[in-house]
Amino acid sequence: MRPSRDSGGIPLFQVQLKKLPGNEDVLLPRRMSELASGFDLHAAVTEPVILHPGERRLIPTGFAMSMERGLEAQVRPRSGLALKHGITCLNSPGTIDADYRGEVKVLLINLGQEPFTITRNERIAQMVIQVVPEVELVEVEELTDTQRGAGGFGHTGTK
């Protein structure tokens, strides 16, 4: 994996997107501002979907993607939907591995008080592309000591 560099010297990776049949009108992921880290994902529902309070649904986006080894895509909630309507993503962040070639779908849940209607091309989530380092897991007999040690949940503070 050898990314090129943009004019500011930042690594530039190429991710290929393919619109799936019947979704020619659905917008591909895109950044909504110049410095946004996430690409908004749009709903490719064929008819409006009503998400009732407490209900979860898998929502299609109408595209598949190809990333090179060493990248992953993370699907995350949109803050505006979460704040205004209680709509968020389960399994968040959801991981799309570099070898997955199926349709990208978003698992939404309504944690709000009112039903929420999802329409075609509505922005439903965001996707952030991350670099994943090569890691080798090694079994050992002993671990190195730290000041924290085995202190777990709530160990570093009272609130």
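A short reminder: the numbers here are calculations on the coordinates, not readings from a lab. Here the structure is a predicted model, which is why all the values come from computation and not from measurement. Quick reminder, even Gly has a Cβ in these numbers, built from the backbone with ideal geometry, and neighbours come from all protein chains shown.
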Q) Of all GluC sites (Glu not before Pro) in the stretch 104-156, which ones are in loop regions per DSSP and have a Cβ with at most 15 other Cβ atoms within 10 Å? A) E134, E136, E139, E141, E142
Q) Short version: ³J(HN,Hα) in whole Hz for each residue of the stretch 95-102, in order, from phi by Karplus 6.51 cos²θ - 1.76 cosθ + 1.60 (θ = phi - 60°), x for Gly and Pro, what are they? A) 9, 10, 6, 4, 9, 7, 10, x
Q.
I'd like the Karplus ³J(HN,Hα) series for the stretch 117-125: coefficients 6.51, -1.76, 1.60, θ = phi - 60°, whole numbers in Hz, and an x wherever there's a Gly or Pro.
A. 9, 9, 10, 4, 6, 5, 6, 10, 6
Q) So what J values fall out for the stretch 85-91 if you push phi through Karplus, 6.51 cos²θ - 1.76 cosθ + 1.60 with θ = phi - 60°, rounded to Hz, Gly and Pro as x? A) 10, x, 8, 9, 9, 7, 6
Q. Can you give the three extents of the C-alpha atoms in the stretch 74-159 along their principal axes, from longest to shortest, in whole Å?
A. 54, 40, 16
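Let me spell out the model: positive unit charges on the Cβ of Lys and Arg, negative unit charges on the Cβ of Asp and Glu, origin at the Cα centre of the stretch 18-131. What dipole size does that give, in debye rounded to 20? Write out the running numbers ahead of the final one.
Details: 14 positive and 13 negative charges, 19 e Å.
I would put it at about 100 debye.
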Q.
With the crude spin-label approximation of a point 7 Å out along Cα→Cβ, what separation in nm comes out for R69 versus S92?
A. 3.4 nm
Q | Long-range amide H partners of L51 with built H, under 5 Å | A | F116, T117, I118
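For n ≥ 4 DSSP H runs only, could you compute -39500 (n - 2.57) per run for the chain, divide by its residues and tell me the 222 nm figure to the nearest 500? The partial results should precede the final answer.
On the way: 1 runs with 7 residues, N = 159.
It lands at -1000 deg cm²/dmol.
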Q.
Going Cα to Cα from K19, which aspartates and glutamates come in below 13 Å? Please leave out same-chain ones fewer than 8 positions away.
A. E103
Q) Could you put T144, T95 in order, starting from the residue whose Cβ has the fewest other Cβ atoms within 10 Å? A) T144, T95
Q | Centroid-to-centroid separation of the stretch 103-159 and the stretch 1-80 [C-alpha atoms, Å] | A | 18 Å
Q. Among I59, I118, I50, which one shows the biggest mean-square fluctuation in a GNM of the chain, springs joining Cα atoms closer than 10 Å?
A. I50
Q | Which of L20, Q126, G80, positive extreme of dipole for the chain (C-beta unit charges) | A | G80
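Using alpha carbons only, what's the Rg to Rh ratio of the chain with Rh from Kirkwood?
Working: Rg = 19.3 Å, Rh = 18.1 Å.
With Rh from the inverse mean 1/r over Cα pairs, Rg/Rh is 1.06.
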(Q) What distance in nm lies between label points placed 7 Å from Cα along the C-beta direction at E142 and L58? (A) 4.8 nm
